[in-house]
Amino acid sequence: MSLIGTDIAKASELLRQGQLVAIPTETVYGLAANALDSAAVLSIFETKNRPTFDPLIVHADSLESVNRYVLDLPRAARTLAEAFWPGPLTLVLPKGPMIADLVTAGLPTVAVRVPQHPLTLELLRSLDFPLAAPSANPFGYISPTSASHVAAQLGTAIPYIVDGGECRVGIESTIIGFQDGRPVVLRLGGLPLELIESLVGKVATTLHSDSNPQAPGMLKSHYAPRKPLFLGSRAEVLEALKVPGRGGLLFEGEAGSSDSTHGLVLSPGGDFREAAQHLFGYLRQLDAMPVEEIWAERLPDRDLGRAINDRLLRASVR
Ligand code: TXA
Ligand code: MG
């Protein structure tokens, strides 16, 4: 089994040896390896059972470090990086030669971000290479937001998990690419689009594709629990919960007057941030409950509600 702890010197040493270490970030836990070492990066794909056509995000300690690994930084990218790094934002930029080709699945661009977690920033500063890290879950399953989530699924496959507590944001980073210097959203995530648009103006979207070569990881079926998940209005979910054998995920308020003991509420006060923080952990809890189906309430389509709906939709049966 993996050791779990906060020994950054140990994590640093393992990574230098080309081994994998799970790392906390503010979004979700990542499965990290030296992004300049192809053999180490290959073991990420093998351990996650992830297809090698799905590229990884490279994590660095600062914009200055990121500059060493990209060829160009469009003006809008600099604006966003300066405003939101460290933070839940990934930028897709022209790839420099040092990054292993396997990291980017052969694409001429590389996804980069500076994560906001004190332990992981300390770890990155102790290394003279950046870390390639996808979410630390088996491919297709719900992303981990605690060290115990990682241990439950990858505990026999990796030597060390850095325990940084519960992830503060709880859903993956927002991914922004650039077309002719103009920002385009490739994945909704922990940084609300409204905040991004307040700085760089209206941002185009290329989401929800079954086979989008720009973001192969954005396959529709993703982030999924093992049980079938159905998405509906609050009224539909409360109605569905009257049938035994169903678990429910509601946005706000009370779990309802249904007899179901299997209703979870993301945020009693209707706070998007709290809802995002609970989302993946609650989906895991529902997956572990003695129910056959999960019924989830669609959130209002604004702020982090959009990214949460995106995850629920990808997890759902359609
Ligand atoms: O919050 C996060 O982003 C977390 C933490 C660990 O940083 N990481 C994460 O990684 O969610 P992952 O591998 O689960 O998702 C990365 C996504 C994939 O969907 C991939 O297709 C996309 O980023 N991606 C990576 N490189 C890309 C590129 N060059 N162009 C377009 N999309 C890219
Ligand atoms: Mg992932």
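The values are calculated or read from the model by the stated rules, or taken from the named source; none is laboratory data. No experiment lies behind these values; they were computed from the predicted model shown. In this analysis, Cβ positions are derived from the backbone assuming ideal geometry, glycine residues included, and neighbour counts consider all displayed protein chains. SASA here: full protein model, heavy atoms, side chains in, ligands and nucleic acids out. Shrake-Rupley method; radii C 1.70, N 1.55, O 1.52, S 1.80 Å.
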Of the listed residues (4, 8), the one being over 21 Å from residue 173 (Cα atoms), open to solvent by 60 Å² or more (accessible area, probe 1.4 Å) and at pLDDT 95 or above is 4
Q.
Looking for something within 16 Å of ligand 2 (Cβ to nearest atom) and open to solvent by 40 Å² or more (accessible area, probe 1.4 Å) - is there at least one such residue anywhere in segment 51-61?
A. yes
Residue pairs within 6 Å by beta carbon, gap of at least six or interchain, first lying in segment 55-84 and closer than 19 Å to residue 31 by Cα, second at pLDDT 95 or above and open to solvent by 30 Å² or more (accessible area, probe 1.4 Å), listed first then second, are 55/105; 55/107; 61/125
Over segment 262-280, the set of residues in contact with a helix residue (DSSP H, G or I) (Cβ under 9 Å, 6 or more places away or on another chain), assigned to a helix (DSSP H, G or I) and surrounded by 19 or more Cβ atoms within 10 Å (Cβ to Cβ) is 272, 275, 276, 279, 280
Within segment 115-131, residues outside any helix (DSSP H, G or I) and either within 28 Å of residue 282 (Cβ to Cβ) or within 16 Å of ligand 2 (Cβ to nearest atom) (or both) come out as 115, 116, 117, 131
Might you let me know whether segment 78-92 holds any residue that is of a type in the set (Ser, Thr, Tyr), surrounded by fewer than 18 Cβ atoms within 10 Å (Cβ to Cβ) and over 22 Å from residue 5 (Cβ atoms)? yes
Being within 16 Å of ligand 2 (Cβ to nearest atom) and over 24 Å from residue 180 (Cα atoms) narrows 26, 13 down to just 26
Note on residue 75: of the conditions (1) under 16 Å from the mean Cα position of the chain (by Cα); (2) open to solvent by 10 Å² or more (accessible area, probe 1.4 Å); (3) not hydrophobic (A, V, I, L, M, F, W, C), unmet is (1)
Scanning segment 93-103 for residues that are free of Cβ contacts under 8 Å to residues at least 40 places away in the same chain and surrounded by fewer than 20 Cβ atoms within 10 Å (Cβ to Cβ), the one farthest from ligand 1 (Cβ to nearest atom) turns out to be 97
Within segment 160-191, residues being without any contact (Cβ under 8 Å) to a residue 24 or more places away in the chain and more than 13 Å from ligand 1 (Cβ to nearest atom) number 1
Reported set for segment 234-248 where residues are among the basic types (Lys, Arg) and open to solvent by 70 Å² or more (accessible area, probe 1.4 Å) is 234, 242
Of the candidates 157, 111, the one satisfying the condition of being assigned to a strand (DSSP E or B), open to solvent by 10 Å² or more (accessible area, probe 1.4 Å) and either within 15 Å of ligand 1 (Cβ to nearest atom) or under 27 Å from residue 311 (Cβ atoms) (or both) is 111
| request: Check segment 14-27 and report whether any residue there is under 17 Å from residue 107 (Cβ atoms) and in contact (Cβ under 8 Å) with a residue 12 or more places away in the chain. | output: no
Taking segment 132-152 and the residues there that are crowded, with 23+ Cβ neighbours inside 10 Å and part of a strand (DSSP E or B), the one that is nearest to ligand 1 (Cβ to nearest atom) would be 135
Checking 173, 198 in turn, the sole residue that is among the small types (Gly, Ala, Ser), touching a strand residue (DSSP E or B) at 6+ places or on another chain (Cβ under 7 Å) and at pLDDT 95 or above turns out to be 173
Counting only residues in segment 203-237 that are at pLDDT 85 or above and among the β-branched types (Val, Ile, Thr), the one nearest to residue 252 (Cα to Cα) is identified as 237
Residue hits (segment 42-68; away from ligand 1 (no atom under 12 Å from the Cβ) and out of contact with any Pro (no Cβ under 6 Å at 6 or more places or on another chain)) are 42, 43, 46, 47, 61, 62, 63, 64, 65, 66, 67, 68
Output for Cβ contacts, cut-off 8 Å, separation at least six or different chains, first residue closer than 14 Å to residue 278 by Cα in segment 294-318, second aromatic (Phe, Trp, Tyr) and modelled with pLDDT under 95, reads 311/223
